[in-house]
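The values are calculated or read from the model by the stated rules, or taken from the named source; none is laboratory data. The shown structure was predicted, so the numbers you read here are calculated from the model rather than taken from an experiment. Don't worry about glycine lacking a Cβ; one is built from the backbone with ideal geometry, like all the others, and counts go over all protein chains shown. Note: accessible area is taken over every heavy atom of the protein model, side chains too, but ligands, DNA and RNA are not part of it. Shrake-Rupley method; radii C 1.70, N 1.55, O 1.52, S 1.80 Å.
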Amino acid sequence: MRKILIAECKQEVSTFNPVLSHYEDFVVTRGQAILDYHRGKRSEIGGALTAFDTTSDIEIVPVYAARAITSAGLLAGADFRRIAAEWLAAIKAAPPVDGVYFSLHGAMAAENEDDPEGYLLQETRKILGEKIPIVVSLDLHGVLTDRMLQHSDAITMFHTYPHVDFWETGERAGRLLLRITAGEVRPVTAKVAIPALVRGDELITATGLFGESIRACQAIEATPPGLVAGMFIGNPFTDVAELQTYSVVVTDGDPALAEREAVRIARDFWRHQERMQVPLDSLARSVELAAQTTSGTVMMVDAADATSSGASGDSNAILAALVQFGYRGRALVPIVDPAAVKAAFAAGIGGTVRTTVGGALDTGRFKPLPIEGRVRLLSDGYFQSESFGDSWYAGETAVIVANNYTLVVTSRAVSLYDRALFYAHGCDPKRFDLVVVKSPQCERHMFKDWCSRVVNVDAPGSTSANLPYLGHTKCIRPLFPLDPNVPFEPKAKLFSRKSL
């Protein structure tokens, strides 16, 4: 029997979010509980398990999983050290194995450790040695560091944005690991660094220019020597030294092919990088556009406070602008504010609450906004995501109706890339004149297919699409769009463990 070790550590952060995340922001499981959670789910580990189940000579050794409840700010140093210590202790305690599959994200960052995933891989190698093959699945928003590639045999990555291929990415990783452990292939990886940070609708792989790059990668994977090909567009909000875009090609023992194809994909991508930005409207102009829309629902995209990208979720910038303007339509707004929720619970359903909302966490950017409203609904904040059916937790939650504004106020940040928070709390976005969506992209049917107008708002926040506003200090420079006239001559860097 071949023994395959499985472990997971996943979090995406915005280093521009001033609120640190902690160990308590993760769900930690060990052993059989990892398989119980993932088996049958459309997750990366769920996909890998499907691949492993295709052969009868595989024994799964699940050891440790730390999954962040949602994206957040920089992970506190002591909390990362605790997670790392638990991870490494679990691997040390495991029996000898023939291969390893890790489900990671790629855009973690902690105090005093810009590359947590690379660190975990490096320290794992010290325990397992150099000859045990390790395959890693990653989010295409990961920051693909040299250290991650030096200590793994191969990687797979998402091919879709918005992400819908979690399972497929894990399944590809599982199949590749089986081939490596069987001695069928010897991976060699080429990585090309592209000095660009990109955002916007052109990244939607089904319809945008970025899809051309992905389809070129998939064509490589469909050829016999092509094992993996993909793009990492990084997380622009994780300001670390190796933040930029990367093309990656993994071949079966053919470094020249890997290098040539990675360079080709990078060069083709660079031709479009200037179009991969978001046209934004100022707050004032956005509110005017909303007021001018007399039919249907206006979608106001507040990507600057996108909790799924690591923002705090407590921005009231759009709400305050609407109130100041005197907007009269029925508006639906999500916001994080634990104190406001506490006040709503004290008032009770049907009661009147006088409180402030917003500016509860990111106090440097947002100031509390006074409101008076009626408490319409209270909940414990547990609900299922619309997208994948996962259990999500927003902490105690209150729906407060203040004049024409319906506020879904949560005690903690929760992902908002679908409508689950609204639906779970009795709010149908289609029944409102305006809805604030705190996500840069959702699947089209969520909002864009039926909203009469989409407004991308240039609001303040730790995940702003106005990238020069954020103030990067650690990442490689020059870097588009942070700097003018950025030069680019693609050069591939090769990684291979075939000599070990």
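Computed with the Debye formula from one identical point scatterer per Cα of region 403-490, without solvent, the log10 of I(q)/I(0) at q = 0.16, 0.23, 0.24, 0.26 Å⁻¹ comes to -0.81, -1.25, -1.32, -1.46. In this rough spin-label picture, where each label sits 7 Å from Cα along the Cβ direction, the A241-V454 distance is 3.8 nm. Accessible surface area normalised per residue over region 100-144 is 25 Å², counting heavy atoms of protein chains with a 1.4 Å rolling probe. In order along region 464-477, the phi-based Karplus estimate (6.51 cos²θ - 1.76 cosθ + 1.60, θ = phi - 60°) of 3J(HN,Hα) comes to 5, 6, 7, 4, x, 5, 5, x, 4, 10, 9, 6, 4, 10 Hz; Gly and Pro are listed as x.
If a/c stays under 1.5 just call it rounded; otherwise compare a/b with b/c (prolate if a/b is bigger, oblate if not). Do that for region 383-444, with a ≥ b ≥ c from the square roots of the Cα gyration tensor eigenvalues. Present the calculation step by step, with values, prior to reporting the outcome.
Details: a/c = 1.81, a/b = 1.21, b/c = 1.49.
Taking the square roots of the gyration eigenvalues as a ≥ b ≥ c, region 383-444 is oblate.
Rank these by accessible area, largest first, 1.4 Å probe: Y417, Y101, Y382. Each step should come with its number before you reach the end.
Numbers: Y417 65, Y101 0, Y382 145 Å².
Listed by decreasing accessible area, they come as Y382, Y417, Y101.
Cross-link partners of K126 among lysines, defined as those whose alpha carbon lies under 23 angstrom from its own and excluding same-chain residues fewer than eight positions apart: K3, K10, K92, K498.
Quickly rank 384-392, 58-66 as a protection proxy: mean count of other C-beta atoms within 10 Å, highest first.
On the way: 384-392: 15.6, 58-66: 20.6.
Taking the mean over residues of other Cβ atoms within 10 Å, the ranking is 58-66, 384-392.
Shown here: Rg/Rh (Cα atoms, Kirkwood Rh), derived from the displayed model; of the candidates (i) 1.16; (ii) 1.09; (iii) 0.98, it corresponds to (iii).
What is the calculated FRET efficiency for K493 to T54, with r their C-beta to C-beta distance and R₀ = 35 Å, to the nearest 0.05? Walk me through the intermediate numbers first.
On the way: r = 33 Å, r/R0 = 0.96.
With R0 = 35 Å, the Cβ-Cβ based efficiency is 0.55.
If I compute solvent accessible area with a 1.4 Å probe over the protein chains, what percent of it on the chain is carbon and sulfur? All intermediate terms of the calculation are to be shown ahead of the outcome.
Numbers: 9200 of 18620 Å².
Within the chain, the accessible surface is 49 percent carbon and sulfur.
Order the peptides 86-98, 162-174 from the highest to the lowest mean number of other Cβ atoms within 10 Å of their residues.
Numbers: 86-98: 15.8, 162-174: 22.1.
My ranking of the peptides, most packed first, is 162-174, 86-98.
Using the rule -39500 (n - 2.57) for each DSSP H run of four or more residues, divided by the residues of the chain, the 222 nm mean residue ellipticity is -8000 deg cm²/dmol. For K491, the aspartates and glutamates whose Cα comes closer than 13 Å to its Cα, not counting residues fewer than 8 places off in the same chain, are E259, E261.
Under 19 Å of direct C-alpha separation, and excluding same-chain neighbours fewer than eight residues apart, K493 reaches these lysines: K191. Could you state the number of Å between the C-alpha centres of region 98-149 and region 224-301? Each part reduced to its Cα centre gives a spacing of 22 Å. Would region 300-389 count as rounded, prolate or oblate if I go by the C-alpha gyration tensor, calling it rounded below 1.5 in a/c and otherwise prolate when a/b exceeds b/c, oblate otherwise? It is rounded, given that a/c, with a ≥ b ≥ c, falls under 1.5.
Output the DSSP H helices from the chain with an along-axis C-alpha extent of no less than 15 Å and a mean Kyte-Doolittle hydropathy no less than 0.0.
Sorted by number, the helices that extend far enough and score high enough are 77-93, 210-221.
What is region 36-176 by shape, rounded, prolate or oblate, if you read a ≥ b ≥ c off the alpha carbon gyration tensor as root eigenvalues and call it rounded for a/c under 1.5, prolate for a/b larger than b/c, and oblate otherwise?
Details: a/c = 1.55, a/b = 1.16, b/c = 1.34.
It comes out oblate by the Cα gyration axes.
Of interest is the spacing of the C-alpha centroids, which for region 442-467 and region 382-401 amounts to 20 Å.
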